[in-house]
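Coordinate-derived values only; no laboratory data. Keep in mind that what you see is a predicted model, and the values were worked out from it rather than measured. In this analysis, Cβ positions are derived from the backbone assuming ideal geometry, glycine residues included, and neighbour counts consider all displayed protein chains.
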């Protein structure tokens, strides 16, 4: 078969970027990232404006004041939120950035467990689902 004959069998969409955004697991991951980023933004705002809401646990390795945790959660939340919008837009780089940012978010919340355990474990669970969804998604299946 010649190259001309094989090109006749190609669909018009092959090799061309799709104008659509994310689909399937990417949509799930993007929405979860936006939710987790929003939750972390609220977490950071609470730490900044209601300083006494979080109680510092004695004898814990990571001792930071609430203001430092507030800024940390605001920054991480904003990064997760922006990466979530990139994933929903169907950007390939958004998937890679999303995995890295979700990993960093999970590590940050692991260090925050003594201050607010249920909330931290919830965000870690969301981050694990995001990493799974972004890492197992087939790149060609989304377009």
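Between residue 100 and residue 122, the contour length at 0.36 nm per residue exceeds the Cα-Cα span by 6.1 nm. The simple spin-label model puts a point 7 Å past each Cα toward its Cβ; for residue 45 and residue 71 those points are separated by 2.0 nm.
Among 117-127, 32-42, sorting by the average number of other beta carbon atoms lying within 10 angstrom of each residue, highest first, gives 32-42, 117-127. Multiplying the residue separation of residue 31 and residue 113 by 0.36 nm and subtracting their alpha-carbon distance yields 27.1 nm.
Relative contact order (percent) for region 65-112, with alpha-carbon contacts under 8 angstrom and 6 or more residues of separation? Taking the mean separation of contacting Cα pairs over the length of region 65-112, I get 34 percent.
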